[in-house]
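> Attaching a single structure in structure tokens format; questions to follow.
The values are calculated or read from the model by the stated rules, or taken from the named source; none is laboratory data. Everything quoted here is computed from the prediction, not taken from an experiment. Here Cβ is always computed from backbone atoms with ideal geometry, including for glycine, and neighbour counts include all displayed protein chains.
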Amino acid sequence: MTSCPLCLPDHESLLWRDAFCRVVWVDDADYPGFCRVILNAHVREMTDLPAPDRCRLMDVVFTVEAVVREVLAPTKINLASLGNVVPHLHWHVIPRFADDRHFPDAIWAPPRRAAGCRPTPPGDVRAELATLLRQRLGPPRE
């Protein structure tokens, strides 16, 4: 799929990768720690994968969730696999806080609060997530 932005990404901030999937940082000041887990093959739906691959992908999603919870201690984590705009299998792992712009609604809903109302978390969240993902998932590899 030469037109798929997830098959041929322009700019990604990679946190971890192997031959099967990758974890990328979503640069969103309102949602620090927002990550995507992207299957490296162009597949539309979870049920298009063989059962072992579904389990493997969800293991990565759940590891990302656990690491984000450990680093940021959010009120809630939202997991979403939509693919309506980009029909390439990927999961959003979104830390949610009671004072974020949209809480308790989805981040795609109209905002309830002004931008920038959440303080920036201390430290380098991206580097901390990458380090913990390498520890839990193994070193990045092709």
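> Among the residues of the range 87-105, how many are over 22 Å from residue 63 (Cα atoms) and in contact with a strand residue (DSSP E or B) (Cβ under 7 Å, 6 or more places away or on another chain)?
1
> Can you find a residue in the range 85-96 that is at pLDDT below 95, hydrophobic (A, V, I, L, M, F, W, C) and out of contact with any Ser or Thr (no Cβ under 8 Å at 6 or more places or on another chain)?
yes
> Filter the range 30-55 down to residues that are of a type in the set (A, V, I, L, M, F, W, C) and outside any loop (DSSP other than H, G, I, E, B) and give me whichever is surrounded by the fewest Cβ atoms within 10 Å (Cβ to Cβ).
Once the filter is applied, the top-ranked residue is 51.
> To continue, here is another question. Would you confirm, using the coordinates I've provided, whether residue 105 is assigned to a loop (DSSP other than H, G, I, E, B), surrounded by fewer than 15 Cβ atoms within 10 Å (Cβ to Cβ) and of a type in the set (D, E, K, R)?
Taking the combined requirement at face value, the residue satisfies it.
> Among the residues of the range 111-142 satisfying the criterion of being farther than 21 Å from residue 59 by Cα and touching a helix residue (DSSP H, G or I) at 6+ places or on another chain (Cβ under 8 Å), which is modelled with the highest pLDDT?
The qualifying residue modelled with the highest pLDDT is 125.
> Still on this model: Based on this model, can you work out whether residue 27 counts as among the charged types (D, E, K, R), under 11 Å from the mean Cα position of the chain (by Cα) and assigned to a loop (DSSP other than H, G, I, E, B)?
Answer is yes for this residue.
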